[in-house]
Amino acid sequence: MVVTPHTKDHHSAYLAGKSYCLFTAKPAMSWIIDSGATDHITPHLHLFQSFIPVSRPCFITLPNGKNVQVQNIGTVALNTNIMLQDVLHVPKFHFNLLSASKLAKHLSSNVVFTPTCCSLQDHLRNNQLVLGNETAGMYLVDVA
């Protein structure tokens, strides 16, 4: 997925791969962990703790080539330990997408993918937190 911004102060997002037919099997409130995504994206406004409308038009290009507009940007609680900052609200996007690189930077942690799970490694506190599990070739964070 590619963003086509209209200003230089924009947010951009890229979706690694174009095979999105597998996404139909995921639970509704799961987040897909994507190592190629540059931003967190969700279509669900009710997940936001706070948000502001995007003041200048900003679009993302879906894997099918269709451009859709980013409506809001804000904060989402992934769980009790992790608050996602600068999440893009894109109503016409059909999935919750979690940017591995943005999460690693925000939490000053390493994101590690293994054959069975994805975890965060915090070297300052010397601990590891399993973020999500591998399911049908995707790493999913399940939230209630």
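Any read-out appearing in this document is the output of simple, stated calculations on the displayed coordinates, not a laboratory observation. This one's a predicted model, so the numbers in the text were calculated from it and none came from an experiment. All Cβ positions, glycine included, derive from the backbone under ideal geometry; neighbour counts span all protein chains shown.
Taking amide H positions as modeled 1.01 Å from N, with prolines and chain starts lacking one, the residues under 5 Å from Tyr139 and 5 or more places away or on another chain are Ile33.
Spacing of the modelled spin labels on Lys105 and Gln49, each 7 Å from Cα toward Cβ, amounts to 2.0 nm.
Extension gain Gln85-Cys117, at 0.36 nm per residue separation less the Cα-Cα distance, in nm? Using 0.36 nm per residue and subtracting the Cα-Cα distance, I get 9.2 nm.
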